[in-house]
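Note sheet for the following structure.
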Amino acid sequence: MKHALLIVSFLFILSCNNNESSKQKMLSKSSGNINNLSVVIDNELWEGNVGEAIRNILAAPVDGLPQDEPLFNMSQIPPAVFSGFVTNNRTVLKIEKGSEASVKIASNVYAKPQKLVLITGKTDNEIIQQIEENEQKIIAAFKNEEIKEKQRRIALSLHKNNSLKNNLGITLNFPTAYRIAKEEDNFYWIRKDITTGTTNLMIYELPYTYIKKGDSLVDQIIKLRDSVGKAHIPGPTDGTYMITEEAYAPAVFETIIDNKPTIETKGLWDVKNAFMSGPFINYIIDDKINNRLLVIEGFAFAPSVGKRDYMFELEAIIRSLKIND
């Protein structure tokens, strides 16, 4: 009898797994531009305080850009029309009024890959409270999904280069559209031409004790960037070179790259004695195993156009970095 029950239990589990597997196979492929978010919400809620709370958080300006650009472009969809191909967007925020207050994050509900955040509450205030109390978790869920999607697209046409591996002991996934503009003394400048300018990466290493955390951290990073810019990133004429924009204080955060503690700095650069500027994102990685700090920075020169998506691509590339053991 026990043997028969075990067989029945096994068949039940197998059936559930097969059903889940079949569901995954039946899911449509997700779609949508990078950083485009579908917001499924009643018109009345969208036009009121709930919609305002959503926009304040998910359409807030991106740090470190010269002009305001939102974290996500949002499209509001009434629940009544959220069906069929409309459900295939890669990132979906769904608001439901009437249930207990909660925030739930799910993957691959209507399409694959997909990230869905469901926020519920019995009143407008409960929904707003859930949005505000969980804003970092919500932003991270969507951003991580978009980083993965960008990295997937980049992987379709990877630049083949062993120099970074041989000289710096790292791998970095960047597209064939980029070229290595400078390689000297373990310093790399990697560039891509875009319609109105360039996107760029710098990679180099420092002694492990070069940066000391404390009140002067921002000043140390600015001094470092300016010295590297003077040595390696020349401007359009003699005597010009990249420096940190003096009128804009960079923002400093803590993050993780390749499972290692990392200092992230976002700010603006310009060219000393020339009219050129743009945003940068700088990472100083604590590579304790190799007794060094590894620095990788992305910066863009794209006058007169939005720069959010260029910087997002650079961040996706940087976050693909792996330090070889």
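The values are calculated or read from the model by the stated rules, or taken from the named source; none is laboratory data. Computed from a prediction, not measured in an experiment: that's the story for all the values here. A quick note on method: Cβ atoms are made from the backbone with ideal geometry, for glycine too, and the neighbour counts reach across all protein chains shown. Accessible surface is based on the protein model in full, side chains and every heavy atom, while ligands, DNA and RNA are left aside. Shrake-Rupley method; radii C 1.70, N 1.55, O 1.52, S 1.80 Å.
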Selection from the range 13-40 of residues at pLDDT 90 or above and surrounded by 12 or more Cβ atoms within 10 Å (Cβ to Cβ) yields 28, 30, 31, 32, 34, 35, 36, 37, 38, 39, 40
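Within the range 28-99, which strands (runs of 3 or more DSSP E) (wholly inside it) include 2 or more residues that are of a type in the set (Phe, Trp, Tyr)?
none
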Hey, does the range 222-243 have a residue that's within 14 Å of residue 297 (Cβ to Cβ), touching a Leu at 6+ places or on another chain (Cβ under 8 Å), part of a strand (DSSP E or B) and not hydroxyl-bearing (Ser, Thr, Tyr)? no
The one condition in (1) among the small types (Gly, Ala, Ser); (2) crowded, with 19+ Cβ neighbours inside 10 Å; (3) farther than 23 Å from residue 34 by Cβ that residue 141 fails to fulfil: (3)
Candidate set from the range 190-205 (those that are of a type in the set (Ser, Thr, Tyr) and more than 16 Å from residue 159 (Cβ to Cβ)); member that is surrounded by the most Cβ atoms within 10 Å (Cβ to Cβ): 204
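Results for (1) outside any helix (DSSP H, G or I); (2) open to solvent by less than 30 Å² (accessible area, probe 1.4 Å); (3) not aromatic (Phe, Trp, Tyr), shown as yes or no for each residue.
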residue: 120; (1), (2), (3): yes, yes, yes
residue: 128; (1), (2), (3): no, yes, yes
residue: 137; (1), (2), (3): no, no, yes
residue: 145; (1), (2), (3): no, yes, yes
residue: 149; (1), (2), (3): no, yes, yes
residue: 167; (1), (2), (3): no, no, yes
Identify, by number, the condition in (1) surrounded by fewer than 15 Cβ atoms within 10 Å (Cβ to Cβ); (2) among the aromatic types (Phe, Trp, Tyr); (3) free of Cβ contacts under 8 Å to residues at least 24 places away in the same chain; (4) touching a Leu at 6+ places or on another chain (Cβ under 7 Å) that residue 208 doesn't meet. (3)
Residue match in the range 41-60 (condition: modelled with pLDDT of 55 or more, in contact with a helix residue (DSSP H, G or I) (Cβ under 6 Å, 6 or more places away or on another chain) and closer than 28 Å to residue 316 by Cα): yes
State yes or no: is residue 100 open to solvent by less than 70 Å² (accessible area, probe 1.4 Å), over 15 Å from residue 145 (Cβ atoms) and of a type in the set (Asp, Glu)? no
List every residue pair whose Cβ atoms lie under 8 Å apart, where the two residues are 6 or more positions apart in sequence or sit on different chains, the first residue falls within the range 93-115 and is modelled with pLDDT under 95, and the second residue, located anywhere, is loosely packed, with under 14 Cβ neighbours inside 10 Å and not in a strand (DSSP E or B). 98/122; 99/122
Residues of the range 261-293 that turn out to be part of a strand (DSSP E or B) and either of a type outside the set (Asp, Glu) or within 13 Å of residue 315 (Cα to Cα) (or both), as a count: 21
Among (1) free of Cβ contacts under 8 Å to residues at least 40 places away in the same chain; (2) closer than 22 Å to residue 161 by Cα; (3) surrounded by 15 or more Cβ atoms within 10 Å (Cβ to Cβ), where does residue 325 come up short? (3)
Among the residues of the range 221-232, the number that are within 20 Å of residue 285 (Cβ to Cβ) and either open to solvent by less than 40 Å² (accessible area, probe 1.4 Å) or in contact with a Phe, Trp or Tyr (Cβ under 8 Å, 6 or more places away or on another chain) (or both) is 6
Quick one: how many residues across the range 171-199 are among the polar types (S, T, N, Q), closer than 19 Å to residue 324 by Cβ and not in a strand (DSSP E or B)? 2
Quick check on residue 254: is it part of a loop (DSSP other than H, G, I, E, B) and open to solvent by 30 Å² or more (accessible area, probe 1.4 Å)? no
